[in-house]
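Participant: Please read through the structure below; I'll follow up with questions.
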Amino acid sequence: MTKDQGLAVIHKFGGTSVGTPERVRGAVRLIAAERYRQRRGRLVVVSSAFGGVTDRLLEAIRAAVARKETHRTILGEIRERHEAALRDLADPAEHPSLRAHLDALWEQVRELLDGVFLLRECSPRFTDAIISAGERASVPLVAAAFRNAGLPARAFDARTLVRTDDRFGEATVDFATTRALTQAAFADLPPDVVPIVTGFVATTEEGVTTTLGRSGSDYTATILADALDAGRVVIWTDVNGVLSADPRLVPEAFTLDALSYQEAAELAFFGAKVLHPRTMRPLVRRSVPLEIRNTMDAGGAATVISDARTGAEGTVKAVTAIRGAALVTLRGSGASGASALAARAFEALAQAGIDVFLMAQASSEQTVTLAVRGTAAEATQRILVSTLARELERGDLLGVEVEEGAAVVAAVGDFMHYAPGVAGRMFATLGKARINVLAIAQGASDTAISAAVSEADASAAVRALHEAFAMKRTRAHLVLVGAGAVGQRLLALLDAQQEALLDRQVNLQLVGLATSTRAVYEPGGLPFDTAEDALRDDHGLSDVLDEITAARLERLIVVDATASEAVARRYPDLLRAGVGVVTPNKQAGTLDHTFWQDLQAAIRARRAPFLYDTTVGAGLALLSSLREAVRTGDRIRLVEGVFSGTLGYVFNAMRDGTPFSEAVRQAHAAGYTEPDPRDDLTGVDAARKLLILARELGPDAGFGDTVLADVTTTSLVPSDIARLPLDLFWARLPELDAGWERQRQAAGADSVLQYVSTLDVDAGQLQCRVRAVAADSPLARLRGSSLVAVCTTDRYAPEPLIVQGPGANIDITAAVLLADVVRAAEAM
Ligand code: ADP
Ligand code: ASP
Ligand code: MG
């Protein structure tokens, strides 16, 4: 939070933040807390009308224009709402004076509405007079609520402070006069009294009521900040700051921590309702920071808008849309290459106060298209026809056509013009989403790129663009196959780490889950913690895999947490379809050679990442270390190690006197073993890991054609026992105890037994077998289920590189798996 420098701070509460008496009290509490924090410097509060009141007053006007008596009913409801708030918020002693004020106000509004009813029309001037009542009614009640809570406060009608011209509905501020009026008005106000000022409203020099345009209270706050040389402005609203898109359209939109004035202004200009477009202007000269905070989450995520331009080149920060736009097209030979003509048109429109959202020129078709607000379409056409009368007469221009029902979508971020790729990506994305682009903005502005689409496509366009740019956040969709121990732990981790990952700009969303018997696919997202409850009996893994490949979600990652060969066999197709694969499943690395080559080809096609660091020594980061060594030119010569936590555990326990069968049982109970312990005991698991390691060394190491059968493996259990059904297997295991005890004795006191995997590049040999190793060698010094790899390379010789670490239990596997998922998401 900014330091208290004794400067004024302006706090603005929007309609939703004062929508109910309860909310008003919440606002009072917030200011009480702020006042406690900020000892020096004046606090000023700007309040909107109670939420929805301005809209209701406009409805009343429309009803009156249409000569419907309902304008009275509407006004009656508004009165009743304020009367209820009065009773709820104000001290009873204040009721009579407040009621008198409100009665007079409503009486005035009634007269105005009756006038509209008679005249059957409502001028902008009348409209402003009527809708100004919302703020004029709310502010005295909010001030009373402050006083009722023991905070001295005084209501101010901004018509005594803010001076404008008479452009009703969107008046232009006279800052010098406003400054003089405001400073004079506050001069005698004791420092501890909080002025509560009406937002939105102002007056002309003649004292005629004006308004600053819809959402104008935001602007009032910064106008006052200018007038009082404030140090900071806080806009309190109902969302956590400015989000990357309208949260009602894009639920996964997120708070933008920092925006430049330009970015915020551009966002507001292109329709983001959270701020009035002119809000930033009074702040720029003195670089006054503007915070956007959530009344209901005061300490939560928020946005700071300042003069710092933090975005990297071409980083799209937010996507927004203006609905209800119209396209006005000039057609004719005079329209091509007619920048002078366009300049004249712009000039005339600017003078009439018409915003042009976009200009597009199609020289081949000899047209210039402008996007304007639908309500300004007719005026635009009229102005263009008169401004360009000469060209029209001469036939250089054939006509000015209007097409309603358009929307302008914009991608906003600083330094856009340095990033031509963004425009291309924007249009490719809209094309992929089958959205017809009606007009493309001519050249990117510094801070936004925009395009016109049909109004019906506006929401889809915003969603597609938000998705495509992912706003710096790497959003990835996950499908988890396998909900066993590792799968469940991964889900728990994802649930626990979600916030931390979001802070690191990684947004992972679970869209599917499949077990061997059941599955669910939900493109809208599944909660990590309850996804399993959504599993459906009538759905299987194949259904889900088919659905996800058909759905073409962006950044889709399948996490295979099974040990299934069938699932592994789908990897090449998934990768070719652009779906990333992350897995601790060792099958893919060890299936037949044809499959392996197919998989390698799919990986080389580089459509999607394939990550499997959990398959070998996850806790050692062994695969990534070796990969990095090879990549940087080292040559691996010999790797010896204990890669099976289970077997390490079994031999360590035997060394300490535990019988073989008991040691196996303990390892199984502790969750070290593969789901089927025989995969470990027969050495198959160790052999698979060794093969994966060997293949990781690349074709130069000479293991390119090696298959699992080429790994010489000794089993710890004779094949007749290993082949038994699991329960019989467990029952017969103790028969082997005596034999192992003999072997242990035979090794002698200076040696210990260990199951060692050896990868000898020079000899072209892969071997997994029981060895008696010197008691002081790194291979012998293991505890529990820990693993070790002793690597001799060109760089590490004669002193080898020794990597030792914990065996991959479920926690470590899930953690490394999550790291792979994040890496995959970032790589896509
Ligand atoms: P207030 O009453 O506080 O002035 P508004 O309704 O005027 O509030 O503005 C806040 C609303 O703006 C949010 O509730 C949200 O629905 C909408 N909105 C649109 N675009 C954005 C955006 N990019 N970031 C935040 N809010 C947005
Ligand atoms: N009450 C006005 C509106 O609804 C101004 C504001 O809320 O900012 O537009
Ligand atoms: Mg607003």
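The values are calculated or read from the model by the stated rules, or taken from the named source; none is laboratory data. Being a predicted model, the structure only gives us computed values, none of them experimental. Positions of Cβ are backbone-derived with ideal geometry, glycine not excepted, and every protein chain shown enters the neighbour counts.
Participant: Just to be sure I understand, how many residues within region 252-262 are buried (at least 24 other Cβ atoms within 10 Å of the Cβ) and assigned to a loop (DSSP other than H, G, I, E, B)?
Facilitator: Residues of region 252-262 that are buried (at least 24 other Cβ atoms within 10 Å of the Cβ), as a first pass: 256, 259.
So of that shortlist, the ones also assigned to a loop (DSSP other than H, G, I, E, B) come out as 256.
Counting residues in region 252-262 that are buried (at least 24 other Cβ atoms within 10 Å of the Cβ) and assigned to a loop (DSSP other than H, G, I, E, B) gives 1.
Participant: Another one. Name the single residue that is surrounded by the most Cβ atoms within 10 Å (Cβ to Cβ) among those in region 800-822 being of a type outside the set (A, V, I, L, M, F, W, C) and modelled with pLDDT of 90 or more. Outline the logic, then answer.
Facilitator: First, pick out the residues of region 800-822 that are of a type outside the set (A, V, I, L, M, F, W, C): 800, 804-807, 809, 811, 813, 820.
Checking which are modelled with pLDDT of 90 or more leaves us with 800, 820.
On the way: PRO800: 17, ASP820: 25.
Among those residues, the one meeting the criterion is ASP820.
Participant: Follow-up question, since we're still on this one. Within the bounds of region 235-242, is there any residue that is over 20 Å from SER47 (Cβ atoms), buried (at least 22 other Cβ atoms within 10 Å of the Cβ) and within 12 Å of ligand 1 (Cβ to nearest atom)?
Facilitator: So in region 235-242, the residues over 20 Å from SER47 (Cβ atoms) come out as 240, 242.
Narrowing the set further to residues that are buried (at least 22 other Cβ atoms within 10 Å of the Cβ) leaves 242.
Subset that is within 12 Å of ligand 1 (Cβ to nearest atom): 242.
Yes, because at least one residue in region 235-242 is over 20 Å from SER47 (Cβ atoms), buried (at least 22 other Cβ atoms within 10 Å of the Cβ) and within 12 Å of ligand 1 (Cβ to nearest atom).
Results for (1) within 16 Å of ligand 2 (Cβ to nearest atom); (2) aliphatic (A, V, I, L, M); (3) modelled with pLDDT of 95 or more, shown as yes or no for each residue.
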position: VAL28; (1), (2), (3): no, yes, yes
position: GLN38; (1), (2), (3): no, no, no
position: SER48; (1), (2), (3): yes, no, yes
position: VAL53; (1), (2), (3): yes, yes, yes
position: GLU59; (1), (2), (3): yes, no, yes
position: ALA63; (1), (2), (3): no, yes, yes
position: LYS68; (1), (2), (3): no, no, no
position: THR73; (1), (2), (3): no, no, yes
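Participant: Let me ask something else. For region 207-225, check the following and say yes or no: at least one residue is within 15 Å of ligand 2 (Cβ to nearest atom) and acidic (Asp, Glu).
Facilitator: Pass one, region 207-225, residues within 15 Å of ligand 2 (Cβ to nearest atom): 209-224.
Narrowing the set further to residues that are acidic (Asp, Glu) leaves 218.
Yes.
Participant: Residues of region 270-322 being part of a loop (DSSP other than H, G, I, E, B), within 16 Å of ligand 2 (Cβ to nearest atom) and either closer than 15 Å to ALA230 by Cβ or aromatic (Phe, Trp, Tyr) (or both), which ones?
Facilitator: Across region 270-322, the qualifying residues are THR279, MET280.
Participant: Just the residues that are on the phi > 0 side of the Ramachandran plot and either among the β-branched types (Val, Ile, Thr) or touching a Pro at 6+ places or on another chain (Cβ under 9 Å) (or both), please, taken from region 193-230.
Facilitator: Taking region 193-230 and keeping what is on the phi > 0 side of the Ramachandran plot, we get 200, 207, 213, 215, 229.
Result: GLY213, SER215.
Participant: For region 350-462, please list each of the strands (runs of 3 or more DSSP E) lying entirely inside it that holds at least 2 residues being farther than 24 Å from VAL319 by Cα. Talk me through it step by step, then tell me what you get.
Facilitator: Values: elements: 356-362, 367-373, 399-412, 437-440, 448-454.
Those strands (runs of 3 or more DSSP E) span 367-373, 399-412.
Participant: Looking at (1) over 26 Å from SER17 (Cβ atoms); (2) within 16 Å of ligand 1 (Cβ to nearest atom), can you tell me which one SER138 breaks?
Facilitator: The failed condition is (1).
Participant: Same structure again: Taking the condition more than 14 Å from ligand 2 (Cβ to nearest atom), closer than 19 Å to LEU86 by Cα and either in contact with a Cys (Cβ under 8 Å, 6 or more places away or on another chain) or of a type in the set (Val, Ile, Thr) (or both), does VAL24 pass? Full working, then the answer.
Facilitator: On the way: more than 14 Å from ligand 2 (Cβ to nearest atom): yes; closer than 19 Å to LEU86 by Cα: yes; either in contact with a Cys (Cβ under 8 Å, 6 or more places away or on another chain) or of a type in the set (Val, Ile, Thr) (or both): yes.
Against the criterion (more than 14 Å from ligand 2 (Cβ to nearest atom), closer than 19 Å to LEU86 by Cα and either in contact with a Cys (Cβ under 8 Å, 6 or more places away or on another chain) or of a type in the set (Val, Ile, Thr) (or both)), VAL24 qualifies.
Participant: Under the condition of being part of a helix (DSSP H, G or I) and without any contact (Cβ under 8 Å) to a residue 40 or more places away in the chain, which residue from region 182-195 is nearest to ligand 3 (Cβ to nearest atom)?
Facilitator: Going through region 182-195, the residues part of a helix (DSSP H, G or I) turn out to be 182-187.
Checking the rest, the ones that are also without any contact (Cβ under 8 Å) to a residue 40 or more places away in the chain come to 184-185, 187.
Working: ALA184: 28, ALA185: 24, ALA187: 30 Å.
Among residues in region 182-195 that are part of a helix (DSSP H, G or I) and without any contact (Cβ under 8 Å) to a residue 40 or more places away in the chain, the one nearest to ligand 3 (Cβ to nearest atom) is ALA185.
Participant: Is region 250-258 home to any residue that is farther than 30 Å from ALA345 by Cβ and free of Cβ contacts under 8 Å to residues at least 40 places away in the same chain?
Facilitator: Looking only at region 250-258, we keep the residues that are farther than 30 Å from ALA345 by Cβ, and these are 250-258.
From the residues that got through so far, the ones that are free of Cβ contacts under 8 Å to residues at least 40 places away in the same chain too are 251.
Within region 250-258, one or more residues are farther than 30 Å from ALA345 by Cβ and free of Cβ contacts under 8 Å to residues at least 40 places away in the same chain.
Participant: Is there a residue in region 196-209 that is in a helix (DSSP H, G or I) and polar (S, T, N, Q)?
Facilitator: Taking region 196-209 and keeping what is in a helix (DSSP H, G or I), we get none.
Looking through region 196-209, none of the residues is in a helix (DSSP H, G or I) and polar (S, T, N, Q).
Participant: Can you run down the residue pairs with Cβ atoms below 6 Å, 6 or more apart or on separate chains, where the first is in region 222-249 and farther than 24 Å from VAL409 by Cβ and among the hydroxyl-bearing types (Ser, Thr, Tyr) and the partner is within 16 Å of ligand 2 (Cβ to nearest atom) and assigned to a strand (DSSP E or B)?
Facilitator: Within 6 Å, the pairs are THR222/VAL233.
Participant: Determine whether region 4-21 contains at least one residue that is within 16 Å of ligand 3 (Cβ to nearest atom) and modelled with pLDDT under 95.
Facilitator: First, the residues of region 4-21 that are within 16 Å of ligand 3 (Cβ to nearest atom): 10-19.
Those left that are additionally modelled with pLDDT under 95: 16, 19.
Yes, because at least one residue in region 4-21 is within 16 Å of ligand 3 (Cβ to nearest atom) and modelled with pLDDT under 95.
Participant: Could you check region 464-502 and list, in sequence order, the residues that are modelled with pLDDT of 85 or more and over 24 Å from LEU545 (Cα atoms)?
Facilitator: Going through region 464-502, the residues modelled with pLDDT of 85 or more turn out to be 464-466, 477-497.
Those that are modelled with pLDDT of 85 or more and over 24 Å from LEU545 (Cα atoms): LEU465, HIS466, ALA496, GLN497.
Participant: Here is a further query. If the Cβ limit is 8 Å and pairs must be 6+ apart or interchain, which residue in region 541-559 that is modelled with pLDDT under 85 pairs with which residue that is among the acidic types (Asp, Glu) and not in a loop (DSSP other than H, G, I, E, B)?
Facilitator: Matching pairs, first to second residue: THR549/ASP573; GLU554/GLU467.
Participant: If we keep just the residues of region 212-251 that are assigned to a loop (DSSP other than H, G, I, E, B) and closer than 30 Å to ALA180 by Cβ, which is nearest to ligand 3 (Cβ to nearest atom)?
Facilitator: SER215
Participant: Which one of these does LEU388 not meet: (1) closer than 26 Å to ASP246 by Cα; (2) crowded, with 20+ Cβ neighbours inside 10 Å; (3) of a type outside the set (Gly, Ala, Ser)?
Facilitator: So LEU388 meets the others, but not (1).
Participant: From the set of residues in region 8-42 that are in contact with a strand residue (DSSP E or B) (Cβ under 7 Å, 6 or more places away or on another chain) and assigned to a loop (DSSP other than H, G, I, E, B), which is nearest to VAL142 (Cα to Cα)?
Facilitator: Selected residue: GLY14.
Participant: Yes or no: region 37-53 includes at least one residue that is under 21 Å from ARG125 (Cβ atoms) and within 16 Å of ligand 1 (Cβ to nearest atom).
Facilitator: yes
Participant: Among the helices (runs of 4 or more DSSP H) contained in region 526-636, which hold 2 or more residues that are surrounded by fewer than 20 Cβ atoms within 10 Å (Cβ to Cβ)? Lay out the reasoning, then the answer.
Facilitator: Values: elements: 541-551, 565-568, 571-576, 587-590, 593-604, 622-631.
Answer list for region 526-636: 541-551, 565-568, 571-576, 593-604, 622-631.
Participant: Can you name the helices (runs of 4 or more DSSP H) wholly within region 43-151 that have at least 1 residues being within 16 Å of ligand 3 (Cβ to nearest atom) and surrounded by 20 or more Cβ atoms within 10 Å (Cβ to Cβ)? Don't jump to the end; show me each part of the working.
Facilitator: Values: elements: 53-65, 70-89, 95-119, 124-131, 133-148.
Qualifying helices (runs of 4 or more DSSP H): 53-65, 124-131, 133-148.
Participant: Follow-up. Exactly one condition in (1) outside any helix (DSSP H, G or I); (2) crowded, with 17+ Cβ neighbours inside 10 Å; (3) at pLDDT below 90 is not met by GLY784; state its number.
Facilitator: (2)
Participant: Here's another thing I want to ask about it. Taking region 613-669, which residues are within 15 Å of ASP680 (Cβ to Cβ) and among the small types (Gly, Ala, Ser)?
Facilitator: In the first step, residues of region 613-669 are kept if they are within 15 Å of ASP680 (Cβ to Cβ); the result is 615-617, 642-654, 660-661, 663-669.
Result: GLY617, SER644, GLY645, GLY648, ALA653, SER661, ALA663, ALA667, ALA669.
Participant: Residue by residue through region 354-393, note down the ones that are in contact (Cβ under 8 Å) with a residue 60 or more places away in the chain and among the charged types (D, E, K, R).
Facilitator: The answer is ASP355, and nothing else.
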